[in-house]
Structure formats: C-alpha cells, structure tokens
Amino acid sequence: MKCENCTKKECSKKQKNDDTQSTSVDTSSPSDGFEEKDEFPTLANAKILLSDCLACDSCMTEEEGARVFQQNQKELFRVLNLNKKCDTSKHKVLAVSICPQSLPYFAAKFSLSVNDAAKRLCGFLKSLGVHYVFDTTVAADFSILESQREFVQRYQRRNQEEHALPMFASACPGWIRYAERVLTNLVTSHICTAKSPQQIMGSLVKGYFARQQNLSPDKIFHVIVAPCYDKKLEALREDFYTALYNSQEVDCVLTSGEIVQIMEQKNVSMKDVTEVAVDSLFAEIKEGDVVRHDGKRSDGYLEHIFKYAAKELFGMDVKEITYKALKNKDFQEVTLEKDGETVLRFAAAYGFRNIQNMVLKLKKGKFLYHFVEVLACPGGCLNGKGQAQTEGGKPDKALLTRMEEVYAAIPVRLPESNLHVQKMYQDWLEGMDSKKVQETLHTKYSAGNQPASNLDIKW
C-alpha cells in the first residue's frame with residue numbers, strides 16, 4: 001500500500017510507520033542514567049502518518065525517520081525528568097515557543113479568548129517544569145521583513161538574473177521538502193532565502209536569548225508548538241545545526257494536538273489552569289496581548305510583501321488588498337496596476353493540487369506571477385494536520401471555522417512597528433545589511449538527489 005501522494009510503487013513511509021506501530025521507539029538511552037516513568041503510558045511515539053504526509057516521494061531518510069519518531073511528548077518528559085535528577089551537568093533550561101496559528105486551536109477547543117488561551121497554555125507548560133514560554137510572532141516579524149526586502153531586490157534584478165523571479169515563500173516545510181526532493185532545480189533557486197519563523201525563533205532562542213542569559217546553546221532544550229507534523233522535519237535540517245555546540249536550533253517539535261494529549265493524560269482542562277503571562281525574549285518584561293500579521297490563515301507573507309513592494313518599487317500606498325479566486329478558494333491572485341499596466345501579480349497557492357498546477361505552468365514557461373505564497377495545507381496553516389483533525393483523521397470543519405473566527409479577530413501588528421526588532425537589528429545583528437543578518441536569518445535551499453519526475457501526480 002502506498003499513500004495517495006506518493007510517486008513510488010511502494011511508499012517507504014508505510015514501512016516506517018508499520019515498524020513504529022509494531023515496535024515502540026525508546027527515546028531515552030542507558031547512558032542517560034534515566035528510567036522513564038509510567039505516568040504517561042499511552043502517549044504515542046511521534047510519527048508522520050500516511051494521511052498526514054505532506055512532503056512526499058520517499059522524502060525521509062531512515063535516519064530522519066528515526067529522529068522524527070523521537071520528537072514526541074516522551075522526549076519532552078525525558079528532559080523534564082532529567083532536570084529533577086541530582087546530576088546538574090545534565091540539566092537543561094527548557095524553553096517552549098508557540099506558533100501564532102496554534103493559539104486559535106486552544107482558544108476554539110476550550111472556548112476561551114485567544115489571550116486567555118495563551119496565558120493558560122503558558123501556565124500549564126510551566127506547571128510541568130518548563131522555564132520559559134515564548135510567542136514566535138517576533139520571529140515572524142524578522143522573516144517577513146527579510147522576505148519583503150529580498151523580493152524588492154529580486155524584482156530589481158529580474159532582467160539580469162534568470163531565476164530572480166518568481167519568488168516563492170519559504171515558511172512551509174512540507175512545500176520546501178517537496179521542492180528540494182522532487183522538483184529540484186526547477187524551483188529551488190526561486191525560493192526566498194529567509195528562514196521560516198520557526199527556525200528564526202531557533203536562532204533567537206539559541207543565539208540572542210542564550211547570550212542574554214549567559215548560557216551555552218546546548219544547555220537550552222528548545223521546543224516548538226506548531227500546527228503541523230512537517231515542522232518536525234524542518235527542525236532536522238543540517239543547516240539548522242550548530243556543530244560548535246552540537247546543538248539544533250530547535251530540539252523538538254510538538255503539534256498542538258500532542259500538547260492536548262498531555263493535558264488529557266494528566267486529566268487537566270485548560271479552564272482549570274492558572275493564567276501566567278507569556279515570557280519575552282527581551283529582559284524581564286512579559287508579552288502583552290496576542291497580535292498577528294496580515295493574512296487570513298497564515299503569517300501574511302503575500303500581503304506584507306505586496307504592500308511593501310508597491311511602496312518601494314512604485315510609490316503606491318496600498319491599504320486594502322483584493323483577492324480574486326481563480327480555480328478554487330485556495331488559489332487566489334492579487335494584482336497592482338499603474339498607468340493601465342499590471343506591474344505586480346501575486347498569488348496564494350494552498351494545498352498540493354494547486355501547487356501541482358503552479359509548477360506545471362512554471363515548467364511550461366507560462367508562469368505570470370512575481371511572488372507566490374505557497375502552503376502545503378489546504379486552507380493554510382490553521383488547517384495543519386497536527387490540530388484540525390478529528391480522532392478519525394478527518395478535517396474538523398466546525399473547529400476550523402471557530403479557529404478562523406478567533407484568528408481573524410486578533411489585532412494586526414506591522415513587523416516594521418516592532419521596536420524590539422529594530423533594536424535587535426542594530427545591537428545584535430550589526431545592521432540590516434550585515435553579514436550576520438545573512439548568517440542568522442537566511443539559509444539556502446538546494447536540490448536533493450531525487451529526479452524532478454512525475455509532475456503529473458494526482459493529489
């Protein structure tokens with residue numbers, strides 16, 4: 001049996017998943033001197049199910065598969081329990097960063113306001129023994145700012161460089177893995193080099209925050225709470241590993257649903273948890289109310305880059321963006337006209353059916369767009385399969401509708417208006433055009449070893 005997305009006769013993930021279902025993965029090792037407690041006996045080992053598969057075509061190596069399986073709740077409790085032991089040399093500062101698209105899930109599921117959900121989730125995590133709980137919106141600020149500057153630079157070089165345009169967004173790991181392992185050189189040179197918010201948050205926690213706290217990066221165990229399973233794959237990328245400290249920028253990714261599983265194991269309801277203010281990366285201050293970026297169901301790369309480019313390239317202030325749905329509601333375009341000419345043409349392509357059509361047009365040389373916000377999940381990040389699914393694996397449409405309402409009601413903050421970000425550019429990153437900015441906030445996407453074949457896959 002193979003998954004519906006696979007291009008192989010037999011999907012390698014099927015065998016891996018069958019193996020993990022019949023043989024549990026032990027996430028601790030004898031050298032740790034740690035014996036796992038039985039207080040969470042029914043927590044499942046982490047795996048990417050066939051129905052959750054977004055990055056396809058045998059995209060996981062055997063080693064990656066084993067490491068993904070270790071990114072589960074048991075790994076979190078392994079570190080928490082080590083912190084209770086007398087051997088302080090093995091203690092870790094445990095930091096959890098929460099994605100903005102995860103908070104509406106907790107708010108909708110437990111009938112809370114998004115601000116209450118953030119504080120109660122923080123209170124719950126700290127009751128487990130977590131030291132710091134952060135919001136990744138600040139990392140998305142950096143990612144958006146770097147992406148919009150890169151787009152303008154690419155646009156200005158479009159007549160000199162063959163692969164300058166179109167530019168594709170780089171925040172979705174399912175899309176990135178598919179592009180690198182299946183599409184290869186056809187697409188990778190067009191992908192924005194700005195890191196995703198998850199990985200910029202890794203740089204902030206293991207770099208900026210570690211320095212502020214006088215900690216070595218390897219003394220911090222950094223967990224991301226995210227909407228989808230593919231974020232686990234992203235955390236394993238070699239370019240997000242610091243050899244000097246033998247440390248990943250992100251040590252473990254847990255989906256929103258996996259956090260709820262922990263609550264259920266402990267018989268805890270979010271409504272019964274004490275509220276605790278979310279921590280800030282900056283000194284001793286606490287985060288205020290939850291904010292988000294423009295964008296209906298994502299971090300809003302399209303809207304921010306579109307408005308920034310309109311101003312920088314054509315001197316036009318765009319206040320509101322009008323989306324035009326094309327083949328379906330998950331493929332929409334936005335255009336800017338000046339003097340009767342279309343000068344910017346952007347698109348949002350969500351879900352692999354739309355991604356497939358986009359890539360086929362690119363291959364045939366019929367691609368009209370300057371920028372595309374690409375997301376693997378139909379409906380965007382809120383519909384990540386780590387949170388918007390029923391127990392039977394079907395989309396929970398009622399919950400998703402409530403999540404969209406919660407997300408839409410969150411106040412919007414422009415990334416340019418974050419004074420902490422502007423200060424960090426100068427004090428920590430040595431200016432917006434510095435070498436350190438490139439090293440810290442950017443990466444490279446390259447073609448893998450797999451051929452760019454089977455572009456007529458039916459998703």
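The values are calculated or read from the model by the stated rules, or taken from the named source; none is laboratory data. On a predicted model such as this, the values are computed, not experimentally measured, just so you know. All Cβ positions, even for glycine, are placed from backbone atoms using ideal geometry, and neighbour counts span all protein chains on display. We work out accessible area using only protein heavy atoms, side chains counted, and drop any ligands, DNA or RNA first. Shrake-Rupley method; radii C 1.70, N 1.55, O 1.52, S 1.80 Å.
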Report, for the stretch 308-459, the % of DSSP beta bridges that are antiparallel, rounded to 5. 70 percent
Taking every other residue with Cβ under 14 Å from the Cβ of Lys423 and scoring Lys and Arg +1, Asp and Glu -1, one gets -4
Estimated vicinal HN-Hα couplings, Hz - the stretch 78-87 in sequence order (Karplus 6.51, -1.76, 1.60; Gly, Pro = x): 4, 6, 4, 6, 4, 5, 8, 7, 6, 6
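If you rank Lys363, Lys319 by how much accessible surface each has, with a 1.4 Å probe, what is the order from largest down? Write out the running numbers ahead of the final one.
On the way: Lys363 130, Lys319 155 Å².
I get Lys319, Lys363, largest accessible area first.
Based on the mean of other beta carbon atoms within 10 Å per residue, what is the order of 336-342, 114-120, 221-227, 425-431, most packed first?
Result, highest mean first: 221-227, 114-120, 425-431, 336-342.
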Per residue, accessible area of the stretch 218-257 with a 1.4 Å probe, heavy atoms of protein chains only, in Å², comes to 31 Å²
Of all accessible heavy-atom area on the stretch 68-135, the percent that carbon and sulfur account for (1.4 Å): 48 percent
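Only Cα pairs under 8 Å and at least 6 apart count here; give the relative contact order of the stretch 285-430 as a rounded whole percent.
About 24 percent, as a whole number.
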